[in-house]
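Here the structure comes first, spelled out in structure tokens, and everything after it is commentary.
The values are calculated or read from the model by the stated rules, or taken from the named source; none is laboratory data. Just so we're clear, the structure is a prediction, and the values are computed from it rather than from any experiment. Here the Cβ is made from the backbone with ideal geometry for all residues, glycine too, and neighbour counts use every protein chain on show.
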Amino acid sequence: MLKITAYYSPTTLTEAVALLAEEGRTVIAGGTDLLVNPRYMVGVREVVDIRKLGLDYISVEDGWIRIGAGATMRTVARHPLIQTLANGILARGAAVCGSPNIRNMATLAGNVASALPSADTPPALIALNAQAVLVGTQGERIVPLDSFFVGPAKSVRERELIRELRIPLPNDKISGGFYKIGRTAEDISMVNATATLNIQDGVITDVRLVMGAVAPIPLRTVEAEQALIGQPAAEETFQRVAEIVRQEVRPISDHRASADYRRRMSGVAAIRALRQAAGLAPHGEEWHHA
Amino acid sequence: MPEIEITLKVNGRTVTWRVQPGETLLEALHHHHLKGTKLICGTGDCCGCGVILNGNSINSCCMLAAQADSGDLLTIEGLAQEGKLHPIQEAFAEEGAAQCGYCTPGFIIRTYAFLQEHPHPTEAEVQAALAGNICRCTGYVKPVAAVLRAAEMMQSGP
């Protein structure tokens with residue numbers, strides 16, 4: 001039995017926000033992080049379930065994909081537009097998050113709210129230039145995902161809930177790549193890499209390269225990105241940039257992998273994600289590997 | 001501590017349960033003598049506590065009982081009808097896909113949800129579908145064979 005003394009299930013956003021304004025309360029949706037990881041229950045006695053707020057939508061309008069806080073990993077992984085946007089990097093991240101049972105419960109917004117550096121979907125959201133819409137008693141604010149994370153399990157979110165995540169539909173064609181290195185099919189990443197590229201006439205004109213599980217937050221490797229812009233989308237470029245990635249990451253050692261292993265594999269994962277985005281992945285590398 | 005009253009359908013029967021705010025769905029099942037669903041890891045990592053809620057297989061260890069209010073729940077106890085095993089259960093028995101048996105309800109529940117959506121699965125699809133179910137004694141070859149056999153049995157009818 002968990003030490004929870006009250007459970008609220010509000011049906012309006014206003015009610016939910018008012019409930020969350022009190023100390024000692026937190027948001028529950030899928031519950032797959034909250035109920036099993038004691039770090040999220042520190043100082044928490046009461047939970048506010050947001051699943052009856054009608055936020056389980058994924059909609060496309062006015063140039064945005066809007067993913068409500070209640071949308072599960074499974075629905076994200078199966079959404080036709082998310083499956084094609086930038087080679088489906090977000091759908092693929094969602095499809096390797098935990099086991100099938102977990103993906104039926106866990107929400108994309110919850111994966112963001114948990115703010116673990118090893119999470120499978122925040123790198124894709126950052127690479128796709130996504131925003132989080134946060135709601136609190138002061139009203140709504142919009143935070144770009146690349147400035148949302150502060151440290152392990154820490155974000156800029158105060159006593160707020162994530163109402164939805166928004167991804168702008170790009171004007172130009174962007175391509176993407178996602179590569180996860182994990183111990184087993186359902187384990188969290190030891191290292192993951194997500195890339196989006198704009199390529200014109202064989203030259204990289206815009207790029208995002210985001211590494212997971214190798215820093216206190218999902219890490220945009222900005223120096224590597226700078227080194228990619230204006231360069232040919234080719235193997236030589238990626239090999240050279242992989243060295244910059246290795247220097248930019250700040251991994252730790254834990255029971256899954258040593259810091260040294262993570263640093264080396266960061267280069268490998270980055271190259272493989274970039275190859276996918278450039279359409280150069282050899283057979284067997286078109287997809288993530290567990 | 002304020003108890004919460006929930007009403008849900010469990011294996012076809014509507015029940016009203018009083019649950020604690022911190023009680024997991026798995027604990028509530030056990031309190032109501034539905035003990036076929038097992039507690040193994042308790043952290044959502046092994047799928048041993050699998051149940052089907054509103055058509056989706058989920059882990060009952062990492063969901064609050066209160067969250068199952070007004071849901072439609074199927075547990076391992078609900079599969080056999082009038083003393084006759086479900087074809088999935090028969091297939092697991094015939095293939096010897098259980099050794100100590102503790103993880104088996106979770107495998108069977110996951111298989112049930114999977115075969116509803118994929119009645120003609122390939123071996124690779126079965127392996128992916130069972131990737132989250134952990135067995136520490138017999139392994140995975142026989143469970144995969146059992147799922148493929150169950151799919152055949154369910155096609156040919158009872």
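Here are the numbers for this structure:
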{"item": "Wholly enclosed helices (runs of 4 or more DSSP H) of the range A:83-140 bearing at least 1 residues of a type in the set (S, T, N, Q) and farther than 16 Å from residue A:64 by Cα", "result": "A:100-103, A:108-114"}
{"item": "Conditions (1) surrounded by 22 or more Cβ atoms within 10 Å (Cβ to Cβ); (2) more than 27 Å from residue A:25 (Cα to Cα); (3) within 14 Å of chain B (Cβ to nearest Cβ); number of the one not met by residue A:86", "result": "(3)"}
{"item": "Where a residue in the range A:4-23 is assigned to a loop (DSSP other than H, G, I, E, B) and its partner, wherever it lies, is acidic (Asp, Glu), with Cβ under 7 Å and at least six apart", "result": "A:4/A:46; A:5/A:46; A:9/A:49"}
{"item": "Among (1) part of a strand (DSSP E or B); (2) farther than 24 Å from residue A:70 by Cα, the one test that residue B:77 misses", "result": "(1)"}
{"item": "Boolean, residue A:175 is in contact (Cβ under 8 Å) with a residue 60 or more places away in the chain, surrounded by fewer than 20 Cβ atoms within 10 Å (Cβ to Cβ) and at negative phi", "result": "yes"}
{"item": "Test: residue B:105 is under 29 Å from residue A:188 (Cβ atoms), within 14 Å of chain A (Cβ to nearest Cβ), at pLDDT 95 or above and not in a helix (DSSP H, G or I)", "result": "no"}
{"item": "Pairs where the first residue, in the range B:51-67, is at the interface with another protein chain (Cβ under 7 Å from one of its Cβ atoms) and touching a residue at least 40 places away in the same chain (Cβ under 8 Å) and the second is hydrophobic (A, V, I, L, M, F, W, C) and part of a helix (DSSP H, G or I), C-beta under 7 Å, 6+ apart", "result": "B:56/B:113; B:57/B:109; B:57/B:113; B:64/B:25"}
{"item": "Residues of the range A:47-69 that turn out to be in a strand (DSSP E or B), within 17 Å of residue A:104 (Cβ to Cβ) and away from every other protein chain (no Cβ under 14 Å), as a count", "result": "3"}
{"item": "Residues of the range B:10-37 classified as crowded, with 21+ Cβ neighbours inside 10 Å and more than 8 Å from chain A (Cβ to nearest Cβ), total", "result": "7"}
{"item": "Residue among A:103, A:78, A:92 that alone is within 14 Å of chain B (Cβ to nearest Cβ), surrounded by fewer than 21 Cβ atoms within 10 Å (Cβ to Cβ) and closer than 26 Å to residue A:181 by Cβ", "result": "A:78"}
{"item": "Of all residues in the range B:67-106 being more than 13 Å from residue B:143 (Cβ to Cβ) and under 11 Å from the mean Cα position of the chain (by Cα), the one that is surrounded by the most Cβ atoms within 10 Å (Cβ to Cβ)", "result": "B:76"}
{"item": "Any hit, the range B:121-131, residues being within 14 Å of chain A (Cβ to nearest Cβ), over 18 Å from residue B:48 (Cα atoms) and not acidic (Asp, Glu)", "result": "yes"}
{"item": "Residue match in the range A:3-24 (condition: more than 16 Å from residue A:108 (Cα to Cα), of a type in the set (Lys, Arg) and facing another protein chain (nearest Cβ under 10 Å))", "result": "yes"}
{"item": "Pairs with Cβ under 6 Å, 6+ apart, first in the range B:128-146 and assigned by TED's automatic domain parsing to the domain that holds residue B:102, second crowded, with 23+ Cβ neighbours inside 10 Å and small (Gly, Ala, Ser)", "result": "B:132/A:99; B:133/B:106; B:142/B:97; B:143/B:97; B:146/B:91; B:146/B:97"}
{"item": "Selection count where residues are assigned to a loop (DSSP other than H, G, I, E, B), in contact with a Phe, Trp or Tyr (Cβ under 9 Å, 6 or more places away or on another chain) and surrounded by 15 or more Cβ atoms within 10 Å (Cβ to Cβ), scope the range A:149-172", "result": "2"}
{"item": "Checklist (1) at pLDDT 95 or above; (2) within 20 Å of residue A:180 (Cα to Cα) applied to residue A:54, failing item", "result": "(2)"}
{"item": "Test set (1) within 14 Å of chain A (Cβ to nearest Cβ); (2) part of a loop (DSSP other than H, G, I, E, B); (3) in contact with a Ser or Thr (Cβ under 9 Å, 6 or more places away or on another chain) - residue B:98 fails condition number", "result": "(1)"}
{"item": "Any hit, the range A:231-239, residues being closer than 25 Å to residue A:113 by Cβ and either in a loop (DSSP other than H, G, I, E, B) or out of contact with any Cys (no Cβ under 8 Å at 6 or more places or on another chain) (or both)", "result": "no"}
{"item": "Residue within the range B:128-138 that is surrounded by fewer than 20 Cβ atoms within 10 Å (Cβ to Cβ), hydroxyl-bearing (Ser, Thr, Tyr) and modelled with pLDDT under 95 present", "result": "yes"}
{"item": "So residue A:43, is it out of contact with any helix residue (DSSP H, G or I) (no Cβ under 8 Å at 6 or more places or on another chain), on the phi > 0 side of the Ramachandran plot and either at pLDDT below 95 or not small (Gly, Ala, Ser) (or both)", "result": "yes"}
